[in-house]
Amino acid sequence: MSSDSEDSVSVTLSSASERSPSPDPIPQTLYDILSVPITNTISALGAPSPADPSLYVLGDDVLGCLRDLKRYWRRDDNDEERTVARIFAKSNLLENDLVPILVQTAEKMPKVAVACADLITSMTWPMDLPAELQELHEQGITGPSTDYPLLVRALLSYKSAITHHPGAVRALVLVGLPPLAILPNKRTEREKQIVNVVLHCIRNVLAIRDLRGDVNKSGDWGELASLQSMLIRRLKDSGFLDVLATLTSNADTPVANAYSSVMLEIWYLMYRGVPAAKLTLPSAQRPKEELRSLLDTEGALKRGQTKATRHSRFGTAIAVTAMNGKEKFVMARQQGLRALPGETMDARKRGLAKRTKHTDDLGPEQSLSHDALNVLKEFAVVFLNSCFNTFFASLLKDIRYERPHITEADNVRLLVVSSWFVEFFLAARARADQQKAEGDKPEEEKTWTVSKVAECCEQEWIVWVVKRMRFAGDEKPKAWVELQACMEALTQLLLLVECMSNSPSEDLRDAALALQHKLWFSSELMDVALVNARTYTGQSLAYLEAVVQLNYVLLKLLERYAKGRGAMYVKKKTNAKKKKAKSLDEEGTFDDGDEDEQEQGPSYEQRRFEFEAFEMRFANEDITHTLLAYLARYREISAEGALGSERIKRVVSLLHRQVVKAKAEGLFFKVSTLELFRHILADERTLPDDAPHKELVQLVRYTLRQFFKEVDKKPFLLVEAFFPKNRNRWKEYSSYQPPQKTKRVRPLDDNDDGPREVLVKGTYSWSEQLGIAMACLEEDGHRDLVDWVRELLVLTVAERQAIVAMTDPPETLDPQEEMDDDEVRQRRSGPSEEAISKFTDFTIRYEKDGQQDAATKNPHLKLMFRLVKFQARDEVADPMDWFCPAWILPSDLESSIKVIDHFLADPFDLDGKKATSFLKKKPKKRRRRNLDDEMAELFSDEEVPRKRKDKRSKEKQQYKSAQFIEDSDVDDEAEEAFFKREAELRVKMAQVSEVTGNTMRATGTKKRKKRGEEGSKKRRKTGDAEELELDLDAVPIQQTTGEADSSDSEAELSQPSTSRQKRSTPGTTPLSAPSSPSDQQDSDVEMESPEKVKAPPRPRRLMLPPKAIEPAHSKLASPIRTTGKENVVDSDDDMAVTITQPMGKVKRRVVLSDDEDD
């Protein structure tokens, strides 16, 4: 019966559905689909006991339910709306179920406790909201997104539940202790993961930020603003901080090395935003310091208020009349009695909204309770005593080896934690020294030894910090957060070095001196600090504070170190060049003058360091902008009490270096800066009455006095005050005097001078050449240089036309006045001679970056300079100093301007070619290196290159010994016999000359050798004298026209002569006979380097040999080499006698015929 009724009901329902169709079902979202099964699973976990709400009754399959919830949680990995997380948050899963289950099962049911801790860790994982929103934007997801405010509130509620439950943190510690008790080599992978889960769970809870404290908010708000303080106390009470300190001290062992990254993050989160100096105060004194700070702030506010006067009872009415006398205003404010009328009227206007700056990108300052601060101080001392050196050395090693558990964010955390603990150490040490000086026995006197933070003084640590700082600055965009962390770490390192320098221990002072030598010798720290000071563009206030403090400490220590040493050297990086082989240029010609260069890699050289020169680099407009941006907050800084006075002292010291020491007060002659100085003087009575603020007021007044003095000299400065002052323009309005420096002369070897100057090919007109030069600059993308040249011409014309207008006032020609034609033509054509005499050279100034290098090294710009008649004062100076000569008339300069304007509007027609193809390289001027240049190099202080030095030493070895050879076998009797034979020979020659009219024989006495197979050149004809003995006098060779430079070498010979040399034996000077004009053509002079001559001969008289000497036995004989076409001799019968001298570097070759041997 029942079955029939069920069938009838089903039939009835189906017929009803067929008769009236149901409406469209409402589409269900993923949240609706998952909320039902997840809620059922949560209900199966258990519930609080009705009898005792503090007791949680577990479900039958609590472990399975926890695993199911974990599976649901993994669905959010691919869900942009975070559906499961929102369901868990609305169900209060962690507060009502997970925390009670964890506390109840931590000791009895470890598997359930581990699963519960795993799920808690996943739910409390930090959420980077800006990064997630940026990721959604990059993926193009514009649809409905998750409810992020709900997730943020859920994280705060999770932290509140874990913190307020008395046994939650201890239960986490109990879950992680059993795996830690097992030896590292016996731990399973699951046991390692359990320890990792517990540490990450504590990390997650610490990473959740509290709400900002506000007395105007409700009590619940204040409770959520103090969760961090309560959590720190829970961590201490549960023993977790003791376990953490133990693991940290063993970070270099396998017991805890795998967890070093998460331990670093836990220390970072605990001490982030906590002032280190605040922890060093005693517990009883800390509330007094806070009260004093509040009173100082209140006093600053009261000083800034206008005091009431008797006019307050009746009101204030002040009438102000404008300068034109027509407009009148009435002011009814009390501040109108003291302030300027403009300020009083502007106060009624609505101010523009200013962009607020972040206080600190690393984390805002935390407001912790006194109990939490005491806990942090206690474990900071424990960390310094037992963990600092070991932990940081192990972490640095892991980072260098790129271990898998190390992330990129660990670099920033390591920098922040290290700088915080060093700052805490320095503050505690200073307070201990202060108490010791006052007679009180300091607490823990033996704790504050430098050995506790010795790891920060190691070379590996310093190199790593500077390297991270350089990498952060080179990134695009720059990693500002890491850059700030690096600067803070380096600042604390320099303060630690200063503390060691002032220590009474001699060992510490020596160590500080050695450490400073390494820091300053590298010079990279100094360069990076200046770069960071120039690149501030509006980052956080903490970043600005780090920049100012680093430069203040660095300059103070560097100045003290440089003054204590006679000479200081630093290492500078240079780009080493290597030369390539010669190659063909664009035109296909072989260019042997230029050699391409390629960077071989960085090399280093030592340079002398002058602190004054480095301080001048600090006088930069960008650095001034950074310091003024810091000084603009003087009201906020002054309200901070003693800490504010210390900050004002830093910025005033840096400004004093620019204004007074560098004499760069022109950097402050700007309207915005003068307005800031006016506000400082107006608020002088409200500033604290201490030394830093008094020095600030004195510096402001000194700068203003310099400004008005300069205005009296140069009224145009009032207009320049509206424009920025670059690196050169401020010098015109400052008391800065450039040092007298000798210009660096380029080396004689022109291969290293960069591109050679160029000329225009062909016979183009002057205007066409100028158009080609402009086309070359525009082709290289240097249109700004063309505009610069035009601007220089316009300025020069304006200057000279002003002189002409003042010297030659416009005059009307009187027809009755008698003037010659030349005077009339001069008045109508151009300036007078008097005006021209007043013209001065217009010096070209380099006002923008790159102009100086372009004017020195850019060949196209130099060509354009020369075409518009600019000249260089020194062609070999670096940098080159260009000027427009005074003799150039304004009309000529205007012609150049017109040509430039023409080619700017209508560029030169290149006919489809490159502009550089119309140019050719200007030939180099090569000159020989004389003795003066070589001796100047020998006695100069500069280092001589290795190749040149080796070459010079080789030259010395080759001819130095031959320079002082003396004849040791002089025989007087042999000389008398020799002169006697010579006299007899001259008599016989005279007799032969009377008979034949010639002293030469008709034929030679020596048999000619046969020619070789290769053939030989024509012989030289000899005289017709035959069977006659020649009377040859020992005279040198006649100097020909091309031998003007060899006069020094002829001074060593005995007598002047015009004859050819005879063949001689080695080591003797050949004799010569009277010569004829045809014989003079046989002498040849060649320039030859000393390397080709082994031993230059000494001049001496020739002993006539009994027989002819073979040419092969003479070391000085060689075939003649000439470039002429008439006397081309290369015969085996001829000999060339070479006479050289080392100083003149001249070699003479004289060819003698074999017929004259007798």
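One table, with the values for the structure above:
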{"read-out": "Residue identified as of a type in the set (S, T, N, Q), part of a helix (DSSP H, G or I) and farther than 28 Å from ASP361 by Cα among SER451, SER503", "value": "SER451"}
{"read-out": "Matching option when the condition is open to solvent by 20 Å² or more (accessible area, probe 1.4 Å) and touching an Asp or Glu at 6+ places or on another chain (Cβ under 9 Å), among ARG657, ARG647", "value": "ARG647"}
{"read-out": "Any chance GLU460 is surrounded by 15 or more Cβ atoms within 10 Å (Cβ to Cβ), in contact (Cβ under 8 Å) with a residue 40 or more places away in the chain and over 24 Å from GLY363 (Cα atoms)", "value": "no"}
{"read-out": "Filtered residue count, the range 663-679, keeping only those that are within 12 Å of LEU628 (Cα to Cα) and of a type outside the set (Phe, Trp, Tyr)", "value": "7"}
{"read-out": "Odd one out for ASP689, checked against (1) of a type outside the set (A, V, I, L, M); (2) closer than 25 Å to ALA542 by Cα; (3) not in a helix (DSSP H, G or I)", "value": "(2)"}
{"read-out": "Inter-residue pairs, beta-carbon under 7 Å, first under 17 Å from GLU612 (Cβ atoms) and at pLDDT 80 or above and in the range 715-740, second open to solvent by 50 Å² or more (accessible area, probe 1.4 Å) and of a type in the set (S, T, N, Q), 6+ apart", "value": "none"}
{"read-out": "Within the range 411-434, tally of residues that are within 16 Å of PHE392 (Cβ to Cβ) and either open to solvent by 10 Å² or more (accessible area, probe 1.4 Å) or not hydrophobic (A, V, I, L, M, F, W, C) (or both)", "value": "8"}
{"read-out": "The range 27-45 residues that are under 23 Å from ILE101 (Cα atoms) and among the small types (Gly, Ala, Ser), paired with ones that are open to solvent by less than 40 Å² (accessible area, probe 1.4 Å) and in a loop (DSSP other than H, G, I, E, B) (beta carbon under 7 Å, 6 or more apart)", "value": "ALA44/GLY59"}
{"read-out": "Per-region count, the range 528-569, residues open to solvent by less than 20 Å² (accessible area, probe 1.4 Å), among the aliphatic types (A, V, I, L, M) and under 15 Å from the mean Cα position of the chain (by Cα)", "value": "3"}
{"read-out": "Selection count, the range 254-277, where residues are assigned to a loop (DSSP other than H, G, I, E, B) and touching a residue at least 60 places away in the same chain (Cβ under 8 Å)", "value": "6"}
{"read-out": "Those helices (runs of 4 or more DSSP H) lying entirely in the range 865-976 with at least 3 residues farther than 26 Å from ALA802 by Cβ, at pLDDT below 85 and open to solvent by less than 80 Å² (accessible area, probe 1.4 Å)", "value": "931-938, 946-963"}
{"read-out": "Matching residues in the range 195-224 - criterion: being aliphatic (A, V, I, L, M), open to solvent by 20 Å² or more (accessible area, probe 1.4 Å) and touching a Gly at 6+ places or on another chain (Cβ under 9 Å)", "value": "VAL197, LEU211, VAL215"}
{"read-out": "Close pairs (8 angstrom Cβ cut-off, 6 or more residues apart or separate chains): closer than 17 Å to THR344 by Cα in the range 309-327, modelled with pLDDT of 70 or more and polar (S, T, N, Q) anywhere", "value": "GLU327/THR321"}
{"read-out": "Pairs where the first residue, in the range 882-893, is over 11 Å from THR840 (Cβ atoms) and the second is hydroxyl-bearing (Ser, Thr, Tyr), C-beta under 6 Å, 6+ apart", "value": "LEU893/THR796"}
{"read-out": "Within the range 142-192, considering residues that are of a type in the set (Val, Ile, Thr) and touching a Phe, Trp or Tyr at 6+ places or on another chain (Cβ under 9 Å), the one farthest from ALA225 (Cα to Cα)", "value": "VAL173"}
{"read-out": "Hits in the range 378-393 (condition: open to solvent by 10 Å² or more (accessible area, probe 1.4 Å) and closer than 12 Å to ASN257 by Cα)", "value": "THR390, ALA393"}
{"read-out": "Filter result for ASP683 (exposed (fewer than 14 other Cβ atoms within 10 Å of the Cβ), among the acidic types (Asp, Glu) and closer than 22 Å to VAL652 by Cβ)", "value": "no"}
{"read-out": "All positions within the range 467-491 that are open to solvent by 20 Å² or more (accessible area, probe 1.4 Å) and touching a residue at least 12 places away in the same chain (Cβ under 8 Å)", "value": "ARG468, ARG470, LYS478, TRP480, VAL481, GLU488"}
{"read-out": "Any hit, the range 498-515, residues being under 29 Å from LEU627 (Cα atoms) and in contact (Cβ under 8 Å) with a residue 60 or more places away in the chain", "value": "yes"}
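Yes or no, residue by residue, for (1) open to solvent by 30 Å² or more (accessible area, probe 1.4 Å); (2) assigned by the TED database to the domain that holds VAL195; (3) polar (S, T, N, Q):
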{"position": "ARG75", "(1), (2), (3)": "yes, yes, no"}
{"position": "ARG82", "(1), (2), (3)": "yes, yes, no"}
{"position": "SER91", "(1), (2), (3)": "yes, yes, yes"}
{"position": "GLN104", "(1), (2), (3)": "yes, yes, yes"}
{"position": "GLN134", "(1), (2), (3)": "yes, no, yes"}
{"position": "HIS137", "(1), (2), (3)": "yes, no, no"}
{"position": "ILE141", "(1), (2), (3)": "yes, no, no"}
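To keep it simple, each residue is scored yes or no on (1) at pLDDT below 90; (2) of a type in the set (Val, Ile, Thr); (3) assigned to a helix (DSSP H, G or I).
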site	(1), (2), (3)
GLU636	yes, no, yes
GLU640	yes, no, no
LEU643	yes, no, yes
LYS649	no, no, yes
LEU655	no, no, yes
GLY666	yes, no, yes
THR673	no, yes, yes
ILE680	no, yes, yes
HIS693	no, no, yes
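The values are calculated or read from the model by the stated rules, or taken from the named source; none is laboratory data. Please read these numbers as outputs of a predicted model, since none were measured by experiment. Backbone-built Cβ (ideal geometry, glycine too); neighbour counts: all protein chains shown. The accessibility values were calculated without ligands, DNA or RNA, using every heavy atom of the protein model including side chains. Shrake-Rupley method; radii C 1.70, N 1.55, O 1.52, S 1.80 Å.
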